[in-house]
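The structure appears right after this line, and notes come after that.
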Amino acid sequence: MQRVLGSAGLAAEIVNGANRDFDRSLNDRGTNLILNAANAIWCRTGTPIKPEFISCNQQFFGATVGALDFGDPHSVGVINAWASAKTHWRITAIADGLIDSLTELFLANAVCFKGKWEDRFEVKDTKERPFHLRVGRHKKLPMMEQSCRFS
């Protein structure tokens, strides 16, 4: 991943600090956009996790960290409620079907973006298109479409 991001050879503290600063700049109140990237780590109650891992994720990525009893079906609701609150109630079912009795650790990332388009989409150009789900399924959803030459 470091090679792909062009950060190979840089110290973890530098990369993590740059991520934190970038996140803060995107969420600056002086912009016309909302971009919330929420991170969370839930581990099975009693699973040992290195304190440095938890500290790094909280400090540099603003991660919510907690322990859950993954054998309790309500654990899915805890994670879904977290995602819902972090995305202004846009993502409500992030953990559905992903947790079972063998789950030891659940890493979650949810992104909510709202901004003004430089080139606005015409509502009439919204069309039903297939949205691809897990396991090869899909469902039709309204999708924005725009054809234009962009620099």
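What follows draws every value from the coordinates through simple rules; no lab data is involved. These numbers were taken from a predicted model, which means no experiment stands behind them. As a convention, Cβ positions derive from the backbone with ideal geometry for all residues, glycine included, and neighbour counts pool all protein chains shown.
In table form, for the structure just shown:
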| read-out | value |
| --- | --- |
| Helix axis angle, 51-61 relative to the chain longest principal axis, alpha carbon, degrees | 20 degrees |
| Angle between the chain longest axis and helix 74-86 axis [Cα atoms, degrees, rounded to 10] | 50 degrees |
| Radius 14 Å from Cβ of I14, net charge of other residues (Lys, Arg +1; Asp, Glu -1) | -1 |
| Rel. contact order, % - alpha carbon contacts under 8 angstrom, at least six apart, the stretch 2-118 | 33 percent |
| C-alpha long axis of helix 12-26 to longest principal axis of the chain, angle in ° | 40 degrees |
| Dipole moment magnitude, nearest 20 debye, the stretch 2-118 about Cα centre, only Lys, Arg, Asp, Glu C-beta charged | 380 debye |
| For the stretch 56-151, with +1 on Lys and Arg beta carbons and -1 on Asp and Glu, the positive-most of A81, H132, F70 along the dipole | H132 |
| Antiparallel bridges, percent of DSSP beta bridges restricted to the stretch 2-118 (to nearest 5) | 65 percent |
| Neighbourhood charge, 14 Å Cβ-Cβ cut-off, centred on S55 and excluding it, Lys, Arg +1 and Asp, Glu -1 | 0 |
| Global size of the chain as Cα Rg and Dmax, reported in angstrom | 18.9, 55 |
